[in-house]
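Read through the structure below, which is laid out as structure tokens, and then see the notes.
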Amino acid sequence: MLSVEEALQKILDAVNILDEETVPIMASLGQVLAEDIISDINVPPLDNSAMDGYAVRSPDTKGAGEKTPKILKVIDTVMAGDISKKEVVPGTAVRIMTGAPIPRGADSIVQFEDTDEEKRKKLSADQPVTQVGLFSETRPGQNVRLAGEDIARGKTVFKKGTVIRPAEIGLMASIGYSRVKVIRRPVVAVLSTGNELVEIGHSLPEGKIYDSNAYSIASLVKRYGCIPKILGISRDDEKELVSKLKQAQDADMLLTTGGVSMGDYDMVKDILERDGEMVFWKVRVKPGKPLAFGKIKGKDKNGRARSIPHLGLPGNAASCMVSFEIFVRPALLKMMGKKNLIKPTVEAIMEDSVKNDVGRRIYDRAIIEKRDGHYYARLTGPQGSGILTSMSLANGLVLIPEDSGKVNKGDTVQVLMLDWNEEVNI
Ligand code: AMP
Ligand code: MG
């Protein structure tokens, strides 16, 4: 049986980075740039004020202090977005708001707080002040934001391959990009298999269960920036399964759940082997041993034949989610052009003991908390592979090595973090 690493490598080797698309910048969050972003403007475009205050010539401020205010004549007021037509000549100042371009002649800004403007305004019954007293000296450049200090014209702001986050979107907007070329988001078909499954929104006959896998898996697909296409439920019937699989033809990846174990009706792996290409079946992992990976036949937009990676995830509700995190997520990220495919791990001190008598890598669902500078991990309760609440309570997966025999309370373990604290209900 393949190890987790061997299986993951086979999956990664079989998937390719997708083609490019051009999208509005707001649609690009989490995608990877497929072009260099070069600025053809300066940001900010002009030298401008970092403060609300007065634009002055620094030599005019020599000797200014609380007790020795320097009085200047106020010749104009300039707001952000406007340009003053006046020139600041010796003995004059222009009132200026944050972001407004520095008027000609001025080299620095005195903030309102360092002037007697407040007092003068009161005395003049809020009439515009004609003079102002400065309480402090300035040096050239003080409180001036220079043209191009954020981004200079001609600069490569981002290289192809950069992952787009909110700051990148903001920066692209600041240089006037409204659309951007990125690696396309994979479309992922999600099919649930099992005679026992009922679609939500319908009543539940005796002996049946609701299909939850379609929703947990499609949500994971969405969470990691891809586009889920829920194909619904296929009964464990060869004809129905084959016909449902056809609906995955235009997807970039197919995920099925169920039908990969040893039971009489576990025919997903058989059909994959017969009609497609089976790369492997079974991994030395718990939960999720019966994972199947292969390729099914599909067609591209132009009707040309192509093969679609197919992961046959186990049917158990917690298993399929764990398998997704370990095997599917890295593959999708690779297809999206990302480089960091594996979630970070931390070292944590176990607060429970776990036996490993199966000789497989165990990924137990756990609550990870940081206390006194250390991470601690405690299990979320029963770890049955069908117990979905074990996943809901967890913010991490504790790795129990294949050959460990037993991990004791107090031992240090590796934990794959699923969520950091801002996203969990602990
Ligand atoms: P299988 O891998 O098909 O043998 O399924 C293993 C277990 O997972 C069985 O108890 C199934 O009832 C359960 N199961 C399979 N598919 C789903 C699903 N879509 N939603 C919830 N449970 C499922
Ligand atoms: Mg089944």
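Computed from the coordinates by the stated procedures, all read-outs in this text should not be read as laboratory data. Just so we're clear, the structure is a prediction, and the values are computed from it rather than from any experiment. Cβ coordinates were reconstructed from backbone atoms using ideal geometry, including for glycine residues, and neighbour counts include every protein chain displayed.
What to note about this one:
- Quick note on the stretch 1-81: its Rg to Rh ratio, both from C-alpha atoms and Rh being the Kirkwood radius, is 1.42.
- Hits among lysines - C-alpha to C-alpha of residue 409 under 29 Å, sequence gap 8 or more where chains match: 286, 289, 343, 355, 370
- A crude spin-label estimate for the pair residue 246 and residue 79, with each label 7 Å from Cα along the Cβ direction, gives 6.5 nm.
- Projecting the Cα positions of 415, 391, 174 onto the charge dipole of the chain (unit charges on Cβ atoms of Lys, Arg, Asp and Glu, taken about the Cα centre) puts 174 furthest along the positive direction.
- Structure note, pairs 159/338; 181/295; 10/338; 73/121; 246/301: Cα-Cα distances above 25 angstrom occur for 181/295.
- About the centre of its Cα atoms, the chain shows a dipole size close to 800 debye [charges on the beta carbon of Lys, Arg (+1) and Asp, Glu (-1) only; nearest 20 debye].
- Separation between Cα centres of the stretch 387-404 and the stretch 167-202, rounded to whole Å: 27 Å
- Global geometry of the stretch 208-315, whether rounded, prolate or oblate, following the gyration tensor of its Cα atoms and the 1.5 cut on a/c: rounded
- Taking every DSSP helix (H) stretch of at least 4 residues in the chain, weighting each as -39,500 (n - 2.57) and dividing the sum by the residue count yields a mean residue ellipticity at 222 nm of -4500 deg cm²/dmol.
- Rounded to the nearest 20 debye, the dipole size of the stretch 1-143 about its Cα centre is 1500 debye, using +1 on the Cβ of Lys and Arg and -1 on the Cβ of Asp and Glu.
- Residue separation of residue 41 and residue 275 scaled by 0.36 nm, minus their Cα-Cα distance, works out to 78.7 nm of gained length.
- Dimensions (Å) - the chain, Cα atoms, principal axes, largest first: 95, 58, 43
- Surface/4 estimate of mean projected area, convex hull on alpha-carbon atoms of the stretch 261-400, nm²: 10.7 nm²
- Residue-wise HN-Hα couplings along the stretch 143-153, as the Karplus relation 6.51 cos²θ - 1.76 cosθ + 1.60 with θ = phi - 60° gives them from phi, are 6, 10, 8, 7, 3, x, 5, 7, 9, 8, 3 Hz; Gly and Pro carry x.
- Among 385, 404, 216: highest mean-square fluctuation, GNM of the chain, C-alpha pairs under 10 Å: 404
- Pairwise FRET efficiency - residue 29 versus residue 343, Cβ, R0 = 22 Å, nearest 0.05: 0.70
- Relative counts (whole %) of C-alpha pair distances in the stretch 41-116, using bins that are 10 Å wide: 21, 54, 20, 4, 0
- Loop-located trypsin sites (Lys or Arg not before Pro) across the stretch 1-75 with a Cβ neighbour count of 13 or fewer within 10 Å are 62, 67, with loop assigned by DSSP.
- Translational diffusion coefficient (Stokes-Einstein; Kirkwood radius from C-alpha pairs) of the stretch 373-426 at 20 °C, 1.002 mPa s, in µm²/s: 172 µm²/s
- Largest GNM mean-square fluctuation among 125, 318, 93, using the chain with Cα springs under 10 Å: 125.
- Measuring between alpha carbons in the structure, the pairs from 222/244; 160/222; 269/339 lying more than 25 angstrom apart are 269/339.
- ³J(HN,Hα), Karplus 6.51/-1.76/1.60, whole Hz, each residue of the stretch 253-270, x for Gly, Pro: 8, 10, 10, 10, 10, x, x, 10, 8, 9, x, 4, 9, 7, 9, 4, 5, 5
- Against the chain, whose longest principal axis is taken from its Cα atoms, helix 4-14 shows a tilt of about 70°.
- Anisotropy class of the stretch 241-280 from Cα gyration tensor, a/c 1.5 cut: prolate
- Dipole in debye (nearest 20) - the stretch 63-138, about Cα centre, beta carbon charges: Lys, Arg +1; Asp, Glu -1: 260 debye
- Summarising the label geometry, the points placed 7 Å from Cα in the beta-carbon direction at residue 126 and residue 113 lie 2.4 nm from one another.
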